[in-house]
Ligand SMILES: Cc1cc2nc3c(=O)[nH]c(=O)nc-3n(C[C@H](O)[C@H](O)[C@H](O)COP(=O)(O)OP(=O)(O)OC[C@H]3O[C@@H](n4cnc5c(N)ncnc54)[C@H](O)[C@@H]3O)c2cc1C
């Protein structure tokens, strides 16, 4: 049987304490498109971001532990999407530095990522390039002991708030990554789109941005492997956010169905409502078990189990979408009120199925690998 170890339970308890501390102002934080100071202070105080940085640079474990990160994200997302994003992006934004940066660069930035004194960003998406990242048009050109970056990046989490961005660019026939400090000359950042689930988003424009060649991440022309490694560790943690959100939506529905009566009985005792609650519970528990298992596999060998991480992400985020929709239905007109907890969850559930691999993109690649395996 699979269960969390005491160590993971302790990490989960710490994350739950942070989630509870943020809960009273979670609705306010989730409207923020800049860093919410209260959320940042709680995260700093908690030391949770140490889980997304290797121990050599102030982190919690020698290698990152996706299961630890997953239980944290599940707990944080239960309370606030802003809180989850602030935590998760510290890892997503810095992992290519952790695995591909030069020693000096890592020493310069990673300890501050771990303490949340430096905010990280990952810039892959462009105005005309989303799922098909091999089509990126931003360029990186070597020039003596510097590299020059030109192009645009779009929908970048922490854009405008981050202290550095790990940027994917085309270099000749290949792809390279480079760390660009936010205060680099030639980098301008505009606020991003206003989403149904507000998010810190920026539109980045690179005009002849020069950074030292020592800011390169990974092997020039072969940076796709860094992205794959990032996904292999963090995709399953987005799945965990889906579980946290599904649980929050289910809890809202259960509370309402017990408190409100119609036809002389609590809603929870009306057949269709009880079936709906039980189905949501079943699906949430199934997603949780799968996510923990996939995260444990990713802890052993992240790249070797990327398929499981993808399946877990599809399973948990689609579950979150179904559970929150059912919960809204259970709550009738009260589920439709702007500013209510369930309305916020309904909006927060939606981006999970799009970013870090849209469901259809993941299914497409899983199907290709399944068929190949069967041959
Ligand atoms: C809240 C939020 C935060 C984000 N943060 C970041 C960030 O920090 N850094 C960053 O680089 N990007 C970020 N993004 C961008 C995100 O990574 C992209 O939205 C995502 O990659 C999908 O690209 P797209 O939105 O352009 O959709 P498209 O690529 O245009 O796809 C649209 C839809 O078409 C379908 N589709 C596309 N390709 C296929 C396929 N091969 N097979 C089957 N179906 C397919 C899917 O249903 C998909 O949802 C963020 C997005 C959001 C919403």
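A few remarks follow.
- Candidates 362, 366, 352 - the one that is closer than 28 Å to residue 68 by Cβ, within 14 Å of the ligand (Cβ to nearest atom) and more than 20 Å from the chain's Cα centre (by Cα): 366
- Matching residues, the range 339-349, being more than 14 Å from the ligand (Cβ to nearest atom) and buried (at least 16 other Cβ atoms within 10 Å of the Cβ): 340, 341, 342, 343, 344, 345, 346
- A Cβ distance below 7 Å, combined with a sequence gap of six or more or placement on separate chains, defines the contacts here; from the range 357-375, residues that are closer than 24 Å to residue 237 by Cβ reach residues that are within 7 Å of the ligand (Cβ to nearest atom) in the pairs 358/131; 361/131.
- Residue match in the range 138-153 (condition: under 22 Å from residue 351 (Cα atoms), at pLDDT 95 or above, surrounded by 18 or more Cβ atoms within 10 Å (Cβ to Cβ) and in contact with a helix residue (DSSP H, G or I) (Cβ under 6 Å, 6 or more places away or on another chain)): no
- Qualifying position, being under 24 Å from residue 357 (Cα atoms) and more than 16 Å from the ligand (Cβ to nearest atom), among 85, 79, 61: 79
- Conditions (1) closer than 30 Å to residue 17 by Cβ; (2) within 12 Å of the ligand (Cβ to nearest atom): number failed by residue 136: (1)
- Residues of the range 226-259 that are surrounded by fewer than 17 Cβ atoms within 10 Å (Cβ to Cβ) and either touching a strand residue (DSSP E or B) at 6+ places or on another chain (Cβ under 7 Å) or not assigned by TED's automatic domain parsing to the domain that holds residue 359 (or both): 258 alone.
- Single residue of 192, 174 found to be at pLDDT 95 or above and either surrounded by fewer than 16 Cβ atoms within 10 Å (Cβ to Cβ) or in contact with a helix residue (DSSP H, G or I) (Cβ under 9 Å, 6 or more places away or on another chain) (or both): 174
- Residue check for residue 129: closer than 22 Å to residue 205 by Cα, in contact with a helix residue (DSSP H, G or I) (Cβ under 7 Å, 6 or more places away or on another chain), at pLDDT 95 or above and near the ligand (Cβ under 9 Å from one of its atoms): yes
- For the range 310-338, a tally of residues being away from the ligand (no atom under 16 Å from the Cβ) and under 16 Å from the mean Cα position of the chain (by Cα) returns 3.
- The number of residues in the range 112-129 being within 22 Å of residue 224 (Cβ to Cβ) and out of contact with any strand residue (DSSP E or B) (no Cβ under 8 Å at 6 or more places or on another chain) comes to 2.
- Checked across the range 206-223, the condition of being crowded, with 16+ Cβ neighbours inside 10 Å, under 30 Å from residue 303 (Cα atoms), within 13 Å of the ligand (Cβ to nearest atom) and touching a residue at least 24 places away in the same chain (Cβ under 8 Å) holds for no residue.
- Some residue of the range 300-308 being touching a helix residue (DSSP H, G or I) at 6+ places or on another chain (Cβ under 7 Å) and surrounded by fewer than 16 Cβ atoms within 10 Å (Cβ to Cβ): yes
- Residues (out of contact with any strand residue (DSSP E or B) (no Cβ under 7 Å at 6 or more places or on another chain) and buried (at least 20 other Cβ atoms within 10 Å of the Cβ)) located in the range 92-111: 95, 106, 110
- Filtered by the rule that a residue be out of contact with any helix residue (DSSP H, G or I) (no Cβ under 7 Å at 6 or more places or on another chain) and within 14 Å of the ligand (Cβ to nearest atom), the range 156-167 gives 156, 159, 160, 161, 165, 167.
The values are calculated or read from the model by the stated rules, or taken from the named source; none is laboratory data. It should be emphasised that the depicted structure is a prediction, and the values quoted were computed from it without experimental measurement. Cβ coordinates were reconstructed from backbone atoms using ideal geometry, including for glycine residues, and neighbour counts include every protein chain displayed.
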